[in-house]
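The structure appears below as structure tokens.
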Amino acid sequence: MDVLKQLATKLNFVQAQTYIQSGNLLFRSEETDTTKLSLQLQQAIHTELGLLVPVLTLAVSTFQNLIDQCPITLEEEQAQLYVTFFGSFPKRQDSSDIFEKLSPKERLILCDSVAYLVAGNGYGNTKITNAFLEKKLQITATTRNYKTCKKLVELARNL
């Protein structure tokens, strides 16, 4: 994570900070085009580390709106909630085969740019993983638990 923070500093991202060991990076930038920011960081990671990994960048206002508009409101469900952020709009419209994979203790809400999954048996036991959604919806995505999302919003507001 220190390397990621150093790369952000080299790219002139201001107040770069990381949160936990999952690739979460918070920063300020004069550039407002999140696609450009993602590509800059992705290219820097590839150049400096030899890794080709997708990067998804969200403006704090977008990120906060997606968390604030979360349709899962019961605390006991939020404790088992995972939010998958999409890098683009899903390419396919029929998602019935995705819902067929849900277990009885799971609940999934698919939106244009995010999916909210209550993983009642734990995320390690669900079939609705990040990779599964990427494949089925033909998108790049990243998943975080709800608690991490709330903390990232709080940290971003204080940058």
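The values are calculated or read from the model by the stated rules, or taken from the named source; none is laboratory data. Remember, predicted model here, so these are calculated numbers, not experimental data. Virtual Cβ from ideal backbone geometry, glycine too; neighbours counted across all protein chains shown. Each accessible area value is taken on the protein alone, full model and side chains, heavy atoms only, with ligands, DNA and RNA left out. Shrake-Rupley method; radii C 1.70, N 1.55, O 1.52, S 1.80 Å.
Inside the range 91-112, can you point out the residues that are out of contact with any Leu (no Cβ under 8 Å at 6 or more places or on another chain) and open to solvent by 90 Å² or more (accessible area, probe 1.4 Å)?
Gln93, Asp94, Glu100, Lys101, Pro104, Lys105, Asp112
Being without any contact (Cβ under 8 Å) to a residue 60 or more places away in the chain, among the aliphatic types (A, V, I, L, M) and under 16 Å from Pro71 (Cβ atoms) narrows it down to one of Leu133, Leu137, Leu110, so name that one. Please lay out each step first, then the result.
Numbers: Leu133 fails: under 16 Å from Pro71 (Cβ atoms); Leu137 fails: under 16 Å from Pro71 (Cβ atoms).
Unique residue meeting the criteria: Leu110.
Here are some residues: Tyr19, Tyr82, Tyr116. Which one is touching a Leu at 6+ places or on another chain (Cβ under 7 Å) and modelled with pLDDT under 95?
Working: Tyr82 fails: modelled with pLDDT under 95; Tyr116 fails: modelled with pLDDT under 95.
Only one candidate passes the filter, namely Tyr19.
Among the residues of the range 39-84, what is the count of those that are closer than 16 Å to Lys151 by Cα and hydrophobic (A, V, I, L, M, F, W, C)?
Residues that pass the stated criteria total 10.
What are the pairs with Cβ atoms under 8 angstrom where one residue, in the range 22-33, is of a type in the set (Val, Ile, Thr) and the other, located anywhere, is modelled with pLDDT of 95 or more? Sequence gap at least six, or different chains.
Final answer for the pair search is Thr32/Ala59.
Out of Phe86, Phe99, I need the residue that is over 20 Å from Ile20 (Cα atoms) and under 14 Å from the mean Cα position of the chain (by Cα). Which one? Break it down into steps so the answer makes sense when it comes.
Details: Phe99 fails: under 14 Å from the mean Cα position of the chain (by Cα).
From the options Phe86, Phe99, the qualifying one is Phe86.
Among the residues of the range 118-136, write down those that are over 20 Å from Leu56 (Cα atoms) and either open to solvent by less than 10 Å² (accessible area, probe 1.4 Å) or part of a helix (DSSP H, G or I) (or both).
Residues of the range 118-136 over 20 Å from Leu56 (Cα atoms): 118-127.
Val118, Ala119, Tyr123, Gly124, Asn125 - these are the residues of the range 118-136 that are over 20 Å from Leu56 (Cα atoms) and either open to solvent by less than 10 Å² (accessible area, probe 1.4 Å) or part of a helix (DSSP H, G or I) (or both).
Do any helices (runs of 4 or more DSSP H) lying entirely in the range 1-90 carry at least 2 residues that are open to solvent by less than 30 Å² (accessible area, probe 1.4 Å) and closer than 17 Å to Ser113 by Cα, and which ones are they?
On the way: elements: 2-10, 34-49, 60-68, 75-78.
Here the list reads 60-68.
Here is a list: Gly87, Gly50. Which entry is on the phi > 0 side of the Ramachandran plot and either touching a strand residue (DSSP E or B) at 6+ places or on another chain (Cβ under 8 Å) or among the small types (Gly, Ala, Ser) (or both)? Before the answer, list the steps.
On the way: Gly87 fails: on the phi > 0 side of the Ramachandran plot.
Only one candidate qualifies: Gly50.
All but one of (1) open to solvent by 60 Å² or more (accessible area, probe 1.4 Å); (2) of a type in the set (Lys, Arg); (3) in contact with a strand residue (DSSP E or B) (Cβ under 9 Å, 6 or more places away or on another chain) hold for Arg144, so report the exception by its number.
(1)
Out of Ile139, Ile109, report the one residue that is assigned to a loop (DSSP other than H, G, I, E, B) and within 16 Å of the chain's Cα centre (by Cα). First the steps, then the outcome.
Details: Ile109 fails: assigned to a loop (DSSP other than H, G, I, E, B).
So the residue among Ile139, Ile109 that is assigned to a loop (DSSP other than H, G, I, E, B) and within 16 Å of the chain's Cα centre (by Cα) is Ile139.
Which of the numbered conditions does Ala115 fail, given that it passes all the others? Conditions: (1) part of a strand (DSSP E or B); (2) of a type in the set (Gly, Ala, Ser); (3) surrounded by fewer than 18 Cβ atoms within 10 Å (Cβ to Cβ).
Of (1) part of a strand (DSSP E or B); (2) of a type in the set (Gly, Ala, Ser); (3) surrounded by fewer than 18 Cβ atoms within 10 Å (Cβ to Cβ), only one is false for Ala115: (3).
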